[in-house]
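Report on one structure; see the data block that follows.
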Amino acid sequence: MIHIILFGPPGCGKGTQAKFIKNQFGFVHLSTGIMFRKHIEKKTSIGKKVSYYINRGKLVPDLITTNIFIEEMKKCFHYKGIIYDGYPRTEKQILSLEKTLKYFSLGKINIIFHFKIQKEVIIYRLLNRGKTSFRKDDININTVEKRIEEYNKKTSLIWKNQKWKNHLVEIKANYSIKEISIFVEKKILNFVKNK
Ligand code: ADP
């Protein structure tokens, strides 16, 4: 099984590329953001808990996040690959994911696509997205700023350990969707070929 992580600040284009990889390779797309929003929509008790954090632009605590994520992941072991969109976002989440992969003998984290983008572009994109998606956390400039702050503080350095060096692939996220998807596809094909 192949494990592909999409990593980068909010609004960097992770979700868009995840959909592309899913269609191109038939891998399953797991997004914690989507999982949380489904819970909120259905007004589950988890939905109530997580909306507190999401509406404030804060990360949801690791325990809640990992529990939900692993439960969903367990339904996907029959796929050839998993695309991780928005998880892991903390070092603890990396450890939980590694433990799960080991426990179920699913292989290891293979590629980590790191989307790089300037803050001004993120803010512009998120506020624009909010106009059509009506995501509360995209409409409000304070929430957007808080999410970027959370990313810089808690997420941006989680792959700094030398052991990830050869797995990281940098993406200039201000390139067009098409250009990025061609780049991403090449990298994945290359990996599959050399496996
Ligand atoms: P974006 O990447 O644009 O912020 P997401 O849909 O990935 O959007 O996430 C929305 C919100 O869900 C985040 O701001 C955060 O509150 C919460 N969230 C998503 N993934 C995680 C995670 N792995 N750990 C903690 N909180 C998360």
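Remark: relative contact order (the range 36-110) = 17 percent; criterion is Cα-Cα distance under 8 angstrom and separation of 6 or more residues. Inter-label distance, residue 120 to residue 100: 3.9 nm, where each label sits 7 Å from its Cα along the C-beta direction.
Of the chymotrypsin sites (Phe, Trp or Tyr not before Pro) found in the range 43-85, the ones in coil according to DSSP and having at most 16 other Cβ atoms within 10 Å of their Cβ are 77. Among the trypsin sites (Lys or Arg not before Pro) found in the range 79-137, those both in a DSSP coil and sparsely packed, with 13 or fewer other Cβ atoms within 10 Å of their Cβ, are 80, 108. Which residue fluctuates the most in the chain, going by a Gaussian network model with Cα springs under 10 Å, if the choices are 26, 81, 15? Comparing 26, 81, 15 in a Gaussian network model of the chain, the most mobile one is 26. Take every Cα pair under 8 Å whose residues are at least 6 apart in sequence, average their separation, divide by the length of the range 1-149, and the relative contact order is 40 percent.
Give the carbon-plus-sulfur fraction of the accessible surface of the chain in %, rounded to a whole number; probe 1.4 Å, heavy atoms of protein chains only. Each step should come with its number before you reach the end.
On the way: 6110 of 11220 Å².
C and S atoms contribute 54 percent here.
By Kyte-Doolittle mean hydropathy of at least 0.5 and Cα axial length of at least 15 Å, which whole DSSP H helices of the chain are selected?
Details: long enough: 14-25 (16 Å, -0.95); 62-73 (16 Å, 0.55); 91-103 (18 Å, -0.70); 119-133 (20 Å, -0.41); 177-194 (26 Å, 0.30).
The answer, listed by residue number, is 62-73.
Surface exposure of the range 1-100, expressed per residue as accessible area with a 1.4 Å probe, stands at 48 Å².
The values are calculated or read from the model by the stated rules, or taken from the named source; none is laboratory data. A quick note: this is a predicted structure, and the numbers were derived from the prediction, not measured. Glycine also receives a Cβ, built like all others from the backbone with ideal geometry; neighbour counts cover every protein chain displayed. We work out accessible area using only protein heavy atoms, side chains counted, and drop any ligands, DNA or RNA first. Shrake-Rupley method; radii C 1.70, N 1.55, O 1.52, S 1.80 Å.
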